[in-house]
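Working notes, beginning with the structure itself.
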């Protein structure tokens, strides 16, 4: 993944999380260090829409070749056929395209489901009363961190950011906070466009 211009943008974290879920540890590079396509327009001054790009390019290999060829003023493209008459669908690995679409779909769902939780209560919550107690034998990590999660409900972090802070699975935190919402314990605030700037 090539990160957005705003290195701290949520889109970068959403994408890295989705990539890890689908394929394990993944690589991320700074803005405009892989290729420049439409994300350059979205991230440009005055537009400021945090945008990433995803690629299957072996960036380390490309940078190594670019360094070797720089002395000869030769530009190294991502693959030899890039932007030429030889670049065609026969070169496409459709299994990889499907994997990328799955990843983009997961990122989109995360963006759509994420929200900023804001507590509507004071003091500790009697979790059993609200059917929110989590059995530590069934989900040790979430049960162990539920108190800390409650401390994060001040309206200054999204569900995704809370999950990251507590090193918990986003979907599990989303599920429990939706239950908090259903019980009237929190309000859901939309994530404003400039939230992570």
Failed condition for residue 181, given (1) out of contact with any helix residue (DSSP H, G or I) (no Cβ under 9 Å at 6 or more places or on another chain); (2) farther than 19 Å from residue 14 by Cβ; (3) not in a helix (DSSP H, G or I) = (3)
Filter segment 46-65 for residues that are in contact with a strand residue (DSSP E or B) (Cβ under 7 Å, 6 or more places away or on another chain) and outside any loop (DSSP other than H, G, I, E, B); which is nearest to residue 2 (Cα to Cα)?
-> 53
Residue 137 fails exactly one of the following numbered conditions: (1) surrounded by 14 or more Cβ atoms within 10 Å (Cβ to Cβ); (2) under 29 Å from residue 24 (Cα atoms); (3) more than 27 Å from the chain's Cα centre (by Cα). What is the number of that condition?
-> (1)
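Taking the criterion of being under 25 Å from residue 168 (Cα atoms), surrounded by 16 or more Cβ atoms within 10 Å (Cβ to Cβ) and either in the same structural domain as residue 161 (by TED's automatic domain parsing) or touching a helix residue (DSSP H, G or I) at 6+ places or on another chain (Cβ under 9 Å) (or both), would at least one residue in segment 29-38 satisfy it?
Scanning segment 29-38 turns up at least one residue that is under 25 Å from residue 168 (Cα atoms), surrounded by 16 or more Cβ atoms within 10 Å (Cβ to Cβ) and either in the same structural domain as residue 161 (by TED's automatic domain parsing) or touching a helix residue (DSSP H, G or I) at 6+ places or on another chain (Cβ under 9 Å) (or both).
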Given the conditions (1) over 25 Å from the mean Cα position of the chain (by Cα); (2) closer than 20 Å to residue 100 by Cα; (3) in a helix (DSSP H, G or I), report the number of the one that residue 68 does not fulfil.
-> (2)
Under 30 Å from residue 175 (Cα atoms), exposed (fewer than 10 other Cβ atoms within 10 Å of the Cβ) and within 19 Å of the chain's Cα centre (by Cα): does that describe residue 98?
-> no
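Is it the case that segment 112-123 has a residue that's in a loop (DSSP other than H, G, I, E, B), exposed (fewer than 10 other Cβ atoms within 10 Å of the Cβ) and over 19 Å from the mean Cα position of the chain (by Cα)?
Yes, there is a match, as at least one residue in segment 112-123 is in a loop (DSSP other than H, G, I, E, B), exposed (fewer than 10 other Cβ atoms within 10 Å of the Cβ) and over 19 Å from the mean Cα position of the chain (by Cα).
The values are calculated or read from the model by the stated rules, or taken from the named source; none is laboratory data. Computed from a predicted structure; not experimentally measured. All Cβ positions, glycine included, derive from the backbone under ideal geometry; neighbour counts span all protein chains shown.
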